[in-house]
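Down below is the structure, laid out as structure tokens.
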Amino acid sequence: MKRFLVVLLIVCLGVSSVFANGTTEQAAAPAEQKSVGPIDVYWWTHWSGSMADPLVKQMEAFNKSQSKYVVHYVYQGTSLDVLAKLQSTQKKDLPAVFTGPVEYTGYYAGCDFVIPIQDFIDKDHWDTPALFKISQASYSNLDGRLVGYPAGNSFPGMFVNLDMFKKAGIDPYTSLDNFQDVFKTVKTIVDKGISKVGIGFHNDAYWIAMTLSTQGVPSFDNNDGFSGKPTKCIYNQGKTKEAVYDLLKALHDIYAGGYGIPYGANINNELIPRFASGEFPVLLVTTGFFAKIKAANPKFEYTLLPLPGCDVNRAHDGVPAGGCGWFICDNGNKAAQQGAYEFAKFMSDIHNNATWAMSTGYLPQTQAAVETTEYQDFIKNVYPSAKMALDVQKKSTGSIRNPFIPIANEHKQANDIMLTQVTTNPNADINKVIDDATARLTDAIQLYNSSSK
Amino acid sequence: MEIKKKTKKIRYTPYLLIAPSLLLFCMFIYFPFVKSFLFSFAVTNRRGELVKWVGLSNWIRMLSKPEFWGIVVVSLKFALINLVSTLLTSMIFALLCTRPGLFSKSYQLFYSLPLAIASAPAAAIWTFLFKQEGGILNWVLGTHFAWTQEANTALLSCALVNVWMNIGASFIFLLVGFRSVPLEMIESATIDGAGPFGKTIHVMIPIASPQIFFVFFLNIITSFTTFAPIRLLTDGGPSTTTTTLIYAVYKWGIQNGRFETSCVYAMTLFLFIFCTTRIQMALEKRTVYYQ
Amino acid sequence: MNERTQQQIQKQGKAFFSFIFKFFLGIVFIMPLIFCIFYSFKPETQIPVTPPTLFTKTPTLMHYAWVLTHMPFFTYVKNSLIVCFISIASQITLSSLAAYGFSFFEFPGKKQLFSVVLATMMIPSDIVIIMNYSLIQKLGLLDTYLALVFPTLISGTAIFMMRQYYLTIPRSLKDAATIDGCTDMGFLFKIAVPLSVPTIASLGLYLFINIYNLFLWPLLVTNTDTMRTVQIGISMIVTSERLEYGPLLAGATCCVVPVILIFIFGQDYIVNGMIAGAVKG
């Protein structure tokens, strides 16, 4: 009996020493830090590799430029992983800042772990450099206050292989206005024998929602959430239904005819190398991948075109904003939050912004950054298409926006399911696909509404 | 000889011996299990905290969605493919190795080696093999599939990786079973004129039935709970073609923050495992022959 | 005489071909692993080339260099090993105690309590993983070793395996020891445990392979790079925005080779351990 108690004691000691060991190993930011030494600011992101390297360099420059804060770059996996962690982590373990997609602004505005950056801007009386209209609109909540600050200004569109278009005798600038045209064009090029396959898509469904916004139709009632709370998805109603149907039909036709690279192919190690080596004429992706295309084949002749609409009835009011922004987390550590704000401010410096834009292909988010000498040189010598993209953005009215909804994740998932259903099943019933997606999204909204009282 | 153990007093020793284990089981298996069960009757917020009880309406909502049944069907398909492939292949391997011969340890090692490979590196290796253009699997088979992206092949790809990893364990268990068949039985069967096929079916399999039964049991559970290959290869697959119950638990609980939905899937998964093992146990009495 | 040697030659020939066939089949079976290891030394440009070749005229270590410099690989390995060590030590201790209780004692409720233990084998931890994650969160234990080892401190398999072995120790041994004045715990520590060392070794190796390979749980409970395990590290390469396959294969090789070596050298122990737990005698 005595021996046994001794053993039990030893086991308990062992387990509790693990406990003790654990807390000293804890590397996450503690709740309150004494003002001795620099304050740790944790930055969670899904950017890695060549996307993150220039930012990390600028982060190190920020760390060196002042001694109050130290920012740490933490890669957390894909953007879904980052979101998952943010949602489920307890307050004190949250990072100070993360980079999240702009189309999730509606979600961030309503969730409990994000503090609108406008609060910090107001306190600081920062005269923010004039952001492009669409950025300002897309990162704001319903009261017009900035929830996040743009880190990257993305422009979803299509890179096209000029050589192939020339051989086919097609003018890319007029033949890719909407997805029906896209289908006809790639069909022509492939049928003429110029390439074996016609088009590849970035394996991430953000562009479905953006295509609908470009078309000018809302996806949810209450004007996509801008006139009060959304209560249901309207994919299967009215003008939206026509647009969704035409979009899905065109995609279905592309894939049923074998003109598309199987959806889901990895953008980095399959689509870009194949596109850059001249294998197919059209790649639908964002401008942020330009640097990778260039690196894969510096001599490649291409141009960038804006995202097509669903059909000929599309609006021509511009494109919604893409890319990711800095969002500050409510982690109970005011000092770290302030550090995060200072960091975001530092990164918005026009030269930092221009440098990052030049090394990835993302666009700068202010006119001032565009007009820096280095960026002007970049447009002239390296990436002329950037000018087109910037012009389209400038002409965009603020009315073309990503939906402002709290179920951003379910939205993307439902779009992804819609997309994969029509592209991987030649016998897909498009009406049924649309009804399924509508039911899925309406269900998600209703569940959210009932759980957030 | 008087055995001291038969005392009238209650001995506390055995209870103390098993107490720490039972305590831990309660903490990380039974308590969360009950919590999962209860939460499936509620609505939660994104932090997993209870908002309100809704009773059966949560289950009714879930069961009336075709998406739910789609996931159930995918899970069953996946489990079936896994079970049949693993069992057949490991049985063939085990039968090949029944008679230990010269250097037989070498190929025995090969058949069981993937057991030591974790799912993350296995997924990494197979991601490479599954490439459409210039991928080795396509080259070997002469096909041109985009294995992890096409609706017809996505589930097969995940199953292939999973089976490859799991054959090792089943192989070892079956090998033990087949090796335990007494040589005299095999010889007398040969004398009776049984060919290799006949011997296998009428002698080897019945004698090894305890191990075969165990391998069945093991594979059912592992095939229902396979997570990493799906997460790393297809992320739930083109539309929902590779979303199994366990993946839905992860997707809805962690990615979408909808705990109540996740708990419904978790309970359904448990129900399936429970029922299949129960059926198996019932069949054990009829089919397993113990020496 | 001639006939007999002819028969012998035939027999040996058959045995030889049978060996070649089985060996070759084995090689084919582990071909993916072989490709991984050999390709990890190929320069990136040669990797997508078909027909696939194992050897290259220009082997390179640059993928390994990439893996070792772009992620704290040794930290990952250290974490994996610490988690394994703590879990295995805990499981062996607790399962020996529990198995001893179940095998050498009679007490009311024994059958029921044992089925409680067996039932845990039917509730795979993946079902309750989300709830456990919630709990760890609320206790503020994210990014700690305690969180990482939490679900693997004890398992039904371990108790089952140890009990199987203890059942083979004859009661008469314990009775004799008792007569000699040995207490219950004394018997456990002085006799039963030393006898069961081979089983413990097998269990330990078997547990090592399983715990080293855990994926979902470490993914959930670690947010910082310094606490991640090797599996999570490799998966980060899989999901990252990389253009090359070389580092992926190099990382996978680094992850896999230690376990394979342990498996090759500890094969017999591991197999014995697995058998002990499987055979329902």
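Miscellaneous remarks
- Considering residues of region C:218-231 that are of a type outside the set (S, T, N, Q) and touching a residue at least 40 places away in the same chain (Cβ under 8 Å) only, the residue nearest to B:Ala123 (Cα to Cα): C:Val230
- Restricting C:Thr226, C:Thr253, C:Thr222, C:Thr199 to those that are over 25 Å from C:Gln137 (Cα atoms), at pLDDT 85 or above and either touching a Ser or Thr at 6+ places or on another chain (Cβ under 7 Å) or surrounded by 20 or more Cβ atoms within 10 Å (Cβ to Cβ) (or both) reduces the list to C:Thr253.
- Of all residues in region B:241-285, those satisfying the criterion of being more than 21 Å from B:Leu50 (Cβ to Cβ) and not in a helix (DSSP H, G or I) are B:Thr241, B:Thr242, B:Thr243, B:Thr244.
- Residues that are within 30 Å of C:Tyr245 (Cα to Cα) number at least 3 in the following helices (runs of 4 or more DSSP H) confined to region C:29-147: C:31-39, C:62-70, C:73-104.
- B:Lys105 vs. criteria assigned to a helix (DSSP H, G or I) and among the basic types (Lys, Arg): yes
- Pairing each residue of region C:193-217 that is facing chain B (nearest Cβ under 9 Å) with any residue that is outside any helix (DSSP H, G or I) and aromatic (Phe, Trp, Tyr), provided the two are 6+ apart or on different chains, yields C-beta distances under 9 Å for C:Phe215/B:Phe227; C:Leu216/B:Phe227.
- Wholly enclosed helices (runs of 4 or more DSSP H) of region B:151-199 bearing at least 3 residues farther than 15 Å from C:Val271 by Cβ and either aromatic (Phe, Trp, Tyr) or within 14 Å of chain A (Cβ to nearest Cβ) (or both): B:151-179
- Residue check, B:Phe178 at pLDDT 80 or above and under 22 Å from C:Val259 (Cβ atoms): no
- When region B:14-26 is filtered for residues that are at the interface with chain C (Cβ under 8 Å from one of its Cβ atoms), within 29 Å of the chain's Cα centre (by Cα) and not aromatic (Phe, Trp, Tyr), the ones remaining, listed by number, are B:Ile18, B:Pro20, B:Ser21, B:Leu22, B:Leu24.
- Selection status of B:Thr89, over 25 Å from C:Lys22 (Cα atoms) and either touching a Phe, Trp or Tyr at 6+ places or on another chain (Cβ under 8 Å) or surrounded by fewer than 20 Cβ atoms within 10 Å (Cβ to Cβ) (or both): no
- Applying the criterion of being among the β-branched types (Val, Ile, Thr) and in a helix (DSSP H, G or I) to the residues of region A:69-110, the residue that is nearest to the other protein chains (Cβ to nearest Cβ) is A:Val82.
- The one condition in (1) touching a residue at least 12 places away in the same chain (Cβ under 8 Å); (2) outside the structural domain of A:Phe220 (by TED's automatic domain parsing); (3) part of a helix (DSSP H, G or I) that A:Gln421 fails to fulfil: (2)
To keep it simple, each residue is scored yes or no on (1) surrounded by 23 or more Cβ atoms within 10 Å (Cβ to Cβ); (2) in the same structural domain as C:Ala192 (by TED's automatic domain parsing); (3) over 30 Å from B:Lys35 (Cα atoms).
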{"site": "C:Glu44", "(1), (2), (3)": "no, no, yes"}
{"site": "C:Lys57", "(1), (2), (3)": "no, no, yes"}
{"site": "C:Met62", "(1), (2), (3)": "no, no, yes"}
{"site": "C:Pro72", "(1), (2), (3)": "no, yes, yes"}
{"site": "C:Thr75", "(1), (2), (3)": "no, yes, yes"}
{"site": "C:Ala89", "(1), (2), (3)": "no, yes, no"}
{"site": "C:Leu94", "(1), (2), (3)": "yes, yes, no"}
{"site": "C:Phe104", "(1), (2), (3)": "no, yes, yes"}
{"site": "C:Pro124", "(1), (2), (3)": "no, yes, no"}
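- Test: residue in region A:113-135 that is surrounded by fewer than 22 Cβ atoms within 10 Å (Cβ to Cβ), of a type in the set (A, V, I, L, M) and in contact with an Asp or Glu (Cβ under 6 Å, 6 or more places away or on another chain): yes
- When region A:205-233 is limited to residues that are within 20 Å of A:Leu447 (Cα to Cα) and either in contact with a helix residue (DSSP H, G or I) (Cβ under 7 Å, 6 or more places away or on another chain) or in the same structural domain as A:Ala109 (by TED's automatic domain parsing) (or both), the one that is modelled with the lowest pLDDT turns out to be A:Gly228.
Yes/no per residue for (1) buried (at least 19 other Cβ atoms within 10 Å of the Cβ); (2) under 19 Å from A:Trp47 (Cβ atoms); (3) not assigned by TED's automatic domain parsing to the domain that holds A:Lys91:
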| site | (1), (2), (3) |
| --- | --- |
| A:Phe275 | yes, no, yes |
| A:Gly278 | no, no, yes |
| A:Leu284 | yes, no, yes |
| A:Gly288 | yes, yes, yes |
| A:Lys294 | no, yes, yes |
| A:Cys310 | yes, no, yes |
| A:Arg314 | yes, no, yes |
| A:Lys334 | no, no, no |
| A:Gly339 | yes, no, no |
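- Residue in region B:65-82 that is over 30 Å from C:Thr178 (Cα atoms), more than 25 Å from the chain's Cα centre (by Cα) and not in a helix (DSSP H, G or I) present: yes
- From C:Gly273, C:Gly281, C:Gly233, residue being more than 7 Å from chain B (Cβ to nearest Cβ), part of a helix (DSSP H, G or I) and modelled with pLDDT under 70: C:Gly273
- If you check B:Phe227, B:Phe259, B:Phe274 for being under 25 Å from C:Met131 (Cβ atoms), facing another protein chain (nearest Cβ under 8 Å) and surrounded by fewer than 17 Cβ atoms within 10 Å (Cβ to Cβ), only one passes: B:Phe274.
- Residue count for region A:379-396, restricted to those that are surrounded by fewer than 21 Cβ atoms within 10 Å (Cβ to Cβ) and not in a loop (DSSP other than H, G, I, E, B): 11
- Among the candidates B:Thr98, B:Thr127, B:Thr89, the residue that is of a type in the set (Val, Ile, Thr) and not in a helix (DSSP H, G or I) is uniquely B:Thr98.
- For B:Gln108, the criteria (1) touching a residue at least 40 places away in the same chain (Cβ under 8 Å); (2) surrounded by fewer than 23 Cβ atoms within 10 Å (Cβ to Cβ); (3) under 30 Å from B:Phe270 (Cα atoms) hold in every case but one, which is (3).
- Against the conditions (1) of a type in the set (S, T, N, Q); (2) modelled with pLDDT of 90 or more; (3) within 20 Å of A:Thr360 (Cα to Cα), A:Ser348 satisfies every one except (2).
- Within region A:44-62, tally of residues that are within 18 Å of A:Leu80 (Cβ to Cβ) and either basic (Lys, Arg) or more than 9 Å from chain C (Cβ to nearest Cβ) (or both): 1
- Search result, residues across region A:397-453 that are among the hydroxyl-bearing types (Ser, Thr, Tyr), more than 8 Å from chain B (Cβ to nearest Cβ) and surrounded by fewer than 19 Cβ atoms within 10 Å (Cβ to Cβ): A:Thr397, A:Ser399
- Within region C:28-49, residues that are without any contact (Cβ under 8 Å) to a residue 24 or more places away in the chain reach partners that are hydroxyl-bearing (Ser, Thr, Tyr) with beta carbons closer than 6 Å, at six or more positions or on different chains, in the pairs C:Gln46/C:Thr56.
- Within region B:229-241, the set of residues being modelled with pLDDT under 85 and touching a helix residue (DSSP H, G or I) at 6+ places or on another chain (Cβ under 7 Å) comprises B:Gly236, B:Gly237, B:Pro238, B:Ser239, B:Thr240.
The values are calculated or read from the model by the stated rules, or taken from the named source; none is laboratory data. Fair warning: this is a prediction, and the values are worked out from it, not measured in the lab. Note that we place each Cβ from the backbone using ideal geometry, even for glycine, and neighbour counts take in every protein chain shown.
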